[in-house]
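Take a look at the structure below.
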Amino acid sequence: MKFYLLPLFLFLLFVHQACGQPAPTETVRLEMLPSSADTLRYDWLKPRYNLLQFYSKKAIENFHQKWKQSHHQKLSIAHFGDSHLQPDIFPGQLRKRLHALHGDGGRGIMFAYSTAKTYSSIAYKTAHTGVWQAERALTIKPKLPLGISGMAARTTQAGATLQFVFEKEVPEHYDMVKIFCQQKRSTFDLILQIDDTEIPISLDSSDVAYPFVAIPIPKIHKKIVLKTVQNHQDENEFEFYSLSLESSADKGAILHNGGVGAARYQSLLYQSLFPEQLPALEPDLVILDFGTNDILYYDKIDEHLEAEIRQIIALIRQKTPQSAILLTTAHDLYWKGKNVKSGRAFAELIHKIAKDTDCIVYDWYWIFGGSRVMANWAEVGLAQKDKIHLSASGSRLKGDLLFEAMNNTMVWLEEHKEAQSFVFDVSKEFESVTAQLPLYAQTSKGNIGTTKSQQQAQKQTPSKSQTLAKTQTKPHSHTIKWGETLSHIALRYGVTISQLKKWNKLAGDKIRAGQKLIIYTQKILR
C-alpha cells in the first residue's frame with residue numbers, strides 16, 4: 001500500500017499493541033446466558049431452539065476458538081443480508097452485545113446512503129454535496145462495480161463531499177479509518193476531515209496492495225467528511241465503496257453490516273468487488289442472512305436458488321478459508337395479506353446445504369415460532385404492519401437472541417467437547433403435543449439428535465393431558481450449582497424458562513447456588 005501515512009500508522013499500531021496488551025493466555029469467560037425472550041408473554045416463541053446448529057464440528061471449531069481468544073486477537077464478523085440488516089437495529093444490537101462480552105474492536109463498514117437515496121443506519125446520518133451516481137446490489141448488471149457493502153457511489157466532480165454525522169459520541173479508541181475506494185492515477189485525491197482536523201490522502205498508487213487505504217485519526221466528536229481534491233490533471237473521478245471505523249488494537253469484536261434492502265442471495269454475485277474486498281475484513285464468521293426476498297413474492301423456492309447459495313459458499317471458502325459460515329432461515333412472512341408457506345421449505349433447504357457444505361445454521365424460522373405466528377409478533381408490537389419486517393423492539397430482540405445463541409453454543413461446546421454435531425429435530429414439535437420431551441440428546445457416538453426412546457415416544461403421540469399427568473407425578477429436584485442460570489438448566493432438562501418459573505413460582509431470572517428447583521421432566525440429559 002503506497003500512501004505517505006502508512007509508516008505513521010504502522011508505528012502507532014505497534015505501540016498500541018505493545019503497551020497494555022493482555023497476556024496471550026487470557027480468554028473470554030464463557031457463561032450460559034438467560035433468554036431475552038419474554039416466554040410468559042410471547043408463548044409462541046421457541047427460545048429452546050435458540051442455539052447454533054451444525055452437522056459437523058468442522059463447521060464451527062475455528063469460530064469457537066476465536067470466540068474465546070478475543071482479548072488478544074480481534075474477533076471479526078461479516079454480516080450480509082437484506083432490509084432486516086440495513087437500518088442496523090438488529091445488527092447494531094448484536095454488535096452491542098458482542099462488544100460488551102469481547103470488547104469494542106470497532107463499528108465496521110459504513111456507506112454514504114444519501115447518494116443511493118435510501119435509508120441510513122440509526123447510528124449515523126449521511127449527506128453529500130456535488131453530483132454522485134450510486135448503485136445497489138439489486139440489478140443483474142449494475143453500472144458501477146459494487147464493493148463489500150453491496151453499494152457504490154461515483155463522482156466526477158472535484159470538491160464533492162461525503163458526510164457521516166454520528167448520533168452519539170464516538171468511542172475514543174476508534175483511532176483508524178479504512179476507506180474502501182478506487183485507487184488509480186485517474187482517481188481524485190481526498191481530504192479526510194475529522195471534525196475540524198484535515199488529513200490529505202493521496203490515491204495515486206499504481207501498486208495497490210489492499211482494497212482500502214488505512215488512516216490513523218484523532219478522536220471523532222461528531223463528524224467524518226471525505227472531500228475529493230484534484231491535485232493533477234489526470235485525476236477526474238472517485239468511486240467509494242465503504243468506510244470502516246475501527247480500533248487499531250488487535251483485540252475486541254467488530255461486526256461489519258453489509259445489509260442492502262430488497263437484496264436476495266444472488267445479490268452477492270452481482271458485487272464484482274466482493275471477492276477482492278471480503279478478505280480485507282479478515283472475517284472469522286460470515287453470516288449469510290438472506291431469504292425473505294427469495295421466497296416472498298412468489299411463495300416458492302426458485303430452481304436456481306440452491307445453486308446460487310452453494311456458489312456463494314464456495315466463493316467465500318476460496319477467498320477466506322479461515323471463516324466459518326453461518327446460514328440463517330427466514331421468519332414467517334405475509335405478502336398482500338396471504339401467509340407465505342415456503343418458509344419451512346426454505347429452512348429445510350438451508351439445513352440440506354449446511355449439512356453438505358459444513359456450514360452453521362441459525363434456524364430463525366423455528367425460533368420465531370414457525371408458521372403463521374407473524375400476526376402474534378405484530379399484535380404485540382414486535383413486527384410492523386406489513387407483516388414482513390420487525391419493529392425496532394423486535395429487531396433488538398432478534399439481535400439479543402442471535403448473540404445468546406452464539407454465546408450459549410460456545411458454552412455448550414465447552415461442556416461437550418466430544419460432541420461432533422448438534423442438530424434439533426423439530427419434525428414433531430409443531431405436529432404433535434410432545435413438547436414436554438427433551439428436544440435433543442447425546443448419542444453414544446457424540447452426535448446430537450433424537451434418541452431411540454424419544455422416537456418411540458413420538459410415535460405414540462400421547463395427548464397433552466396424558467403427557468402432563470405422567471411427567472407431573474414424578475417431579476425432579478435440582479440443586480443449583482454456582483454459575484448456573486435458568487437458561488442453562490432449561491437446556492439441560494429440555495424444558496423452557498417459563499416452565500421453570502411457573503413450577504417454582506419465580507418472579508424473575510435471579511437464582512442462587514444451593515437453591516432447589518422442582519422440574520417436571522421425563523428424562524435428565526446430563
**Q.** Residues whose placed amide H lies under 5 Å from that of GLU237, excluding near-sequence neighbours
**A.** PHE188
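With the other protein chains left in place, how much accessible area per residue, in square angstrom, belongs to segment 203-348 at a 1.4 angstrom probe?
38 Å²
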Q) Highest mean first, what order results for 94-102, 38-46, 72-80 on Cβ atoms within 10 Å? A) 72-80, 94-102, 38-46
Q: Note down the magnitude of the dipole of segment 94-157 about its Cα centre, charges +1 on Lys and Arg C-beta and -1 on Asp and Glu C-beta and zero elsewhere, to the nearest 20 debye.
A: 120 debye
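Which percent of the accessible heavy-atom area of segment 133-263 goes to carbon and sulfur, probe 1.4 angstrom?
For segment 133-263, the apolar C and S fraction of the accessible surface comes to 45 percent.
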Q: Go through LYS219/LYS387; LYS355/LYS417; LYS319/LYS352 and tell me which ones have a Cα-Cα distance over 31 Å in this structure.
A: LYS219/LYS387
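Under a 1.4 angstrom probe, counting protein chains only, how are ASP332, ASP509 ranked by accessible area, largest first? All intermediate terms of the calculation are to be shown ahead of the outcome.
Values: ASP332 5, ASP509 70 Å².
Ranking ASP332, ASP509 by accessible area, largest first, yields ASP509, ASP332.
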(Q) In segment 226-266, whose amide N lies under 16 Å from the spot 7 Å out along Cα-to-Cβ of GLU198? List them in ranges. (A) 226-232
Q. Leaving out ligands, DNA and RNA but keeping every protein chain, what accessible area does PHE290 have, in Å² rounded to the nearest 10, with a 1.4 Å probe?
A. 10 Å²
Q: For LYS501, go through the aspartates and glutamates and keep the ones whose alpha-carbon is under 12 Å away, minus same-chain ones fewer than eight residues off.
A: ASP38, ASP509
**Q.** Summed side-chain charge close to ASP299 - residues other than ASP299 whose Cβ falls under 10 Å, Lys, Arg +1, Asp, Glu -1
**A.** +3
Q: Estimate the FRET efficiency between TYR210 and LYS117 by the formula 1/(1 + (r/R0)^6), using the beta-carbon distance for r and 30 Å for R0, to the nearest 0.05.
A: 0.50
Q | Across LYS341/LYS502; LYS178/LYS398; LYS117/LYS398, pairs whose alpha-carbon gap is larger than 32 Å | A | LYS341/LYS502
**Q.** Efficiency of FRET between LYS141 and GLN322 - r from beta-carbon atoms, R0 41 angstrom, step 0.05
**A.** 0.80
Q) Got a sec? What order do TYR124, TYR298 fall in by accessible area at 1.4 Å, biggest, i.e. largest, first? A) TYR298, TYR124
Q. Separation of segment 141-215 and segment 342-419 by C-alpha centroid, Å?
A. 35 Å
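The values are calculated or read from the model by the stated rules, or taken from the named source; none is laboratory data. Not measured: the values here are computed from a predicted model. Quick reminder, even Gly has a Cβ in these numbers, built from the backbone with ideal geometry, and neighbours come from all protein chains shown. Remember, those area values only see protein heavy atoms, side chains included, never the ligands or the DNA or RNA. Shrake-Rupley method; radii C 1.70, N 1.55, O 1.52, S 1.80 Å.
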